Amino acid sequence: LYLAAIGLLYIALALWCTFDPETTSRKVGFTLNGDSGRSEFMTVYGGREFGMAVIFLMPFVRPELLTGSLLACVAIHAALVVFRGISLVMYSDFAAFTGRLVIGEWVIFLIGLAVCFFELRGAGTQP
């Protein structure tokens with residue numbers, strides 16, 4: 001259920017970034033310069049987020065991939081939390097949307113950590 005929710009969230013984000021790049025880029029503080037900027041934003045945000053969704057939803061097609069998808073989800077969000085933390089120390093002028101991203105990244109990371117721990121423990125594997 002956790003991976004399904006996160007996977008669907010990332011599909012929604014990928015679609016939003018792909019079909020409304022002006023709004024999404026503005027919300028995260030990016031300026032799109034011409035078609036090159038739009039292409040880059042679509043690729044890095046839309047494509048990456050869609051790829052993450054595929055990883056998180058793979059266990060629904062191949063259940064044996066559950067542990068790998070959970071570990072990938074935790075690892076990706078751990079990296080986001082670390083790099084977001086560094087950026088918060090380095091920079092100071094943030095929009096309200098960035099604050100919501102910080103909260104969302106931490107929630108996804110912490111819940112993912114707990115789900116991963118219990119999943120691995122239930123499978124007889126030490127986390």
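The values are calculated or read from the model by the stated rules, or taken from the named source; none is laboratory data. Because the structure is predicted, anything quoted here is derived from the model rather than measured. Note that we place each Cβ from the backbone using ideal geometry, even for glycine, and neighbour counts take in every protein chain shown. Ligands, DNA and RNA are stripped out before the accessible areas are found, and what is left, the full protein with its side chains, is counted by its heavy atoms. Shrake-Rupley method; radii C 1.70, N 1.55, O 1.52, S 1.80 Å.
Some observations on this one:
- Surface share of carbon and sulfur [accessible, 1.4 angstrom probe, percent] for the stretch 1-46: 64
- Where chymotrypsin sites (Phe, Trp or Tyr not before Pro) in DSSP loops with at most 16 other Cβ within 10 Å are excluded, longest remaining stretch of the chain: 31-90
- Of Gly68, Ile55, Tyr91, farthest towards positive along the dipole that unit charges on Lys, Arg, Asp, Glu beta carbons give the chain: Gly68
- Rounded, prolate or oblate (a/c below 1.5 giving rounded, otherwise prolate when a/b exceeds b/c) for the chain by Cα gyration tensor: oblate
- The GluC sites (Glu not before Pro) of the stretch 1-93 include none that meets both criteria, a DSSP state outside H, G, I, E and B (loop) and at most 13 other C-beta atoms within 10 angstrom of the site's C-beta.
- With Cα atoms defining each centre, the stretch 1-45 and the stretch 52-127 are spaced 18 Å apart in the structure.
- Of Ala5, Phe117, Cys17, farthest towards positive along the dipole that unit charges on Lys, Arg, Asp, Glu beta carbons give the chain: Phe117
- Membrane-span-like helices in the chain (whole DSSP H runs, Cα extent of at least 24 Å along the helix axis, mean Kyte-Doolittle hydropathy of at least -0.5): 2-19, 66-90, 96-122.
- Rounded to the nearest 20 debye, the dipole size of the chain about its Cα centre is 180 debye, using +1 on the Cβ of Lys and Arg and -1 on the Cβ of Asp and Glu.
- Carbon/sulfur fraction of accessible area - the stretch 52-95, other protein chains in place, 1.4 Å, %: 74
- With protein chains left intact and a 1.4 Å probe, residues in the chain average 62 Å² of accessible area per residue.
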